[in-house]
1. At 1.4 Å probe size, what's the solvent-accessible area of residue 106? Round to the nearest 10 Å².
2. Run the simple label-point estimate for residue 52 and residue 24 please: 7 Å along Cα→C-beta, distance reported in nm.
3. Roughly what would the spin-label model give for residue 71 and residue 99, points 7 Å off Cα along C-beta, in nm?
4. Counting only complete DSSP H runs, which helices of the chain cover 30 Å or more along their long axis at the Cα atoms and score a mean Kyte-Doolittle of -0.5 or above?
5. Output the Cα-based Rg and Dmax of region 14-53 in Å, rounding Rg to one decimal and Dmax to a whole number.
6. Nearest 20 debye, what's the magnitude of the dipole of the chain about its Cα centre given +1 on Lys and Arg Cβ and -1 on Asp and Glu Cβ?
7. Based on the Kirkwood radius over alpha-carbon pairs, what value in µm²/s does the Stokes-Einstein equation return for the translational diffusion coefficient of region 3-101 at 4 °C and 1.567 mPa s?
8. For region 18-81, which trypsin sites (Lys or Arg not before Pro) are both in a DSSP coil and crowded by at most 12 other Cβ atoms within 10 Å?
Amino acid sequence: MTRQFLIILALIAGTLITRFLPFLLFPAQKEKPRRLEYLGKTLPYAAMGLLVVYCLKGVNFLSGSHGIPELVSVTAVAALHAWKRNSLLSIGVGTALYMFLVQAVF
């Protein structure tokens, strides 16, 4: 029982530290370091690229539907995002389209 309580306290402390530490280290009145600004601009794109690679790594173009549902869905996400500039909308529609294609078409 004591061990579980200590684990819960450690989780709470870890969560609070990760939530409040950036505000303590970089207050709104103080100018942020250039390196932090750079990371804030480039990391979202790097994370999206990493997710695309991770999601498409298991696609086998030599069997089954030959990656057609994946290709159609990725194209739809890219086109919708270029058109509407709404990440949530484009990812949601792409996911729904992929699930429909995999379950109903292919």
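1. Its accessible surface works out to 110 Å², give or take rounding.
2. The two pseudo-label positions are separated by 3.9 nm.
3. Simple spin-label model gives 2.5 nm for this pair.
4. Values: long enough: 2-25 (33 Å, 1.67); 34-56 (34 Å, 0.69).
What comes out of the filter, once short or polar helices are dropped, is 2-25, 34-56.
5. 13.2, 39
6. Values: 10 positive and 3 negative charges, 86 e Å.
About 420 debye.
7. Numbers: Rh = 17.3 Å.
D = 75 µm²/s.
8. Working: sites: 19, 30, 34, 35, 41, 57; in loops: 30, 57.
Counting only loop positions with at most 12 other Cβ atoms within 10 Å, the trypsin sites (Lys or Arg not before Pro) in region 18-81 are 30, 57.
The values are calculated or read from the model by the stated rules, or taken from the named source; none is laboratory data. Just so we're clear, the structure is a prediction, and the values are computed from it rather than from any experiment. When we count neighbours, we look across all protein chains shown, and the Cβ atoms used for this are built from the backbone with ideal geometry, even at glycine. Note: areas computed on protein heavy atoms with side chains; ligands, DNA, RNA excluded. Shrake-Rupley method; radii C 1.70, N 1.55, O 1.52, S 1.80 Å.
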